[in-house]
Each structure stands twice: as C-alpha cells, then as structure tokens.
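Have a look at the structure below before the remarks.
The values are calculated or read from the model by the stated rules, or taken from the named source; none is laboratory data. Just so it is clear, the structure is predicted and the values come from calculations on it, not from any experiment. Because the Cβ atoms are built from the backbone with ideal geometry, glycine has one as well, and the counts that use them run over all protein chains shown. Just so you know, the surface numbers come from the protein's heavy atoms only, side chains and all, with ligands and any DNA or RNA stripped out. Shrake-Rupley method; radii C 1.70, N 1.55, O 1.52, S 1.80 Å.
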Amino acid sequence: MVDIWLMRHGAYEGHRPGYHAPHEATLTQEGRDQVCHSLPLPEGITAIVTSPIPRARQTATLVSHLTGLPIVATSGLLAEWRAPSIVLGRSAETYPPAYRAWRARRLVNPSLRCEDGESLTDLHTRARHCATFLHHTAQRHGPLLAVSHTLFLGVLTHLPEGPAAFITAAKTPWPFAELRHLPAPQRVTSSLRRPAP
C-alpha cells in the first residue's frame, strides 16, 4: 500500500466555532502561517491532490510552492460536506428552524437532506469513492498529500462507522493544517501533530 497523508486547510476568513463557511472563504495570513509551520511533510510524499474549494486549493498551492511537489488532481470528491445554503455564513446561535429540525432527525434517517444540503448517506458514499480515488492516485503518482476539510476528513478516516461518522467528525474537529495518515483498510488511524514553532 502506498502512503496517503491528509491535511486540513489553514485558517480562513470569518472562522469561528460552529460556523458554516461560504464556498468562497479564503485563507488568512494566520492560515498561510499554519501551512508553513506544517512543513516539512512526512518523508516520501511525491504529489498533492486537493479539494477545489478556495481555502483548500490555496493551502495545496502554498504547499506545492514551498516544497516543489506537483498538484496532480483537484477533485470535488475532496470537497467539504455540502451544508445547506440556509446555514452558510451562520453559526449555531443563528441556525434556522428547518436546519435545527434536520439536525434532530439526521441519525434516525441519514438519507434525509436539509434543503440543498448533502445527506449523511450522500457524504459517506462520496467519502468511500474518495478513498478509492486516493488509493488509485497514490498507486499512479506515489505517496500522496490530500488537502481537504474538517468534516469531510473526519468522515474519510472513520468510514467503518457508516453515515454516523459525520457525528464523530463533528465532535472531534481536525485542527487547521494538521496532517494525519489515511489508514489502509483494516489499519488503525495514526496522527502526526506538529509542535508549535
């Protein structure tokens, strides 16, 4: 099996706890600094793939610039969970009633969507497809760095939990610019935390 490392993008404009970032939110200077401090990467990484969402794409581009590694793919499979547009740019205290009602029923019926959002079943299915994509890309290009988003990365690393992996991901956020190893099937997740400079 070829190694695959996962990285969350750096801090972005408007971030606060419980906030659903708009698609166009971009990295802050703090986020760029976090990415710089995440280096050096684990030994052997030869290529980068990224989510197309700007804050992830900017993170991948910065890593590419600093390391000389090529970005070999930009894939929507790595995009963040598609929150319904009614909560974009909002935090928990301002969630609308329709979203609160969906949250109360999402585990009972994981195929349920809130308006134009992605259901937990849809997200889990996409994460399974993404894992296959990452393994195939790593076989083609060698050890890989994949840049994505906290909820999606949490689901990707807890696939055996099924759609409920979303809840695990939400309860254990992935710190900005942190790297973790993607487990091969039947391997335990390990993590690599970088000390602060």
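Identification of helices (runs of 4 or more DSSP H) wholly contained in the range 115-195 with 1 or more residues that are at pLDDT 95 or above and open to solvent by 50 Å² or more (accessible area, probe 1.4 Å) yields 120-141. Here's a check for you: in the range 13-32, which residue that is more than 21 Å from residue 84 (Cβ to Cβ) and touching a residue at least 24 places away in the same chain (Cβ under 8 Å) is most open to solvent (accessible area, probe 1.4 Å)? Only one residue tops the list, namely 32. Restricting the range 45-82 to residues that are more than 13 Å from the chain's Cα centre (by Cα) and among the small types (Gly, Ala, Ser), the residue that is most open to solvent (accessible area, probe 1.4 Å) is 68.
Looking across the range 80-91, the residues that are out of contact with any helix residue (DSSP H, G or I) (no Cβ under 7 Å at 6 or more places or on another chain) and either over 19 Å from residue 152 (Cα atoms) or not in a helix (DSSP H, G or I) (or both) come down to 82, 83, 88, 89, 90, 91. Does residue 35 qualify as being buried (at least 18 other Cβ atoms within 10 Å of the Cβ), under 18 Å from residue 133 (Cβ atoms) and modelled with pLDDT of 95 or more? So residue 35 fails the test.
Only one of these is in contact (Cβ under 8 Å) with a residue 12 or more places away in the chain and under 21 Å from residue 137 (Cα atoms): 88, 41. Name it. Walk me through it before giving the result.
Details: 88 fails: under 21 Å from residue 137 (Cα atoms).
After applying the criteria, what remains is 41.
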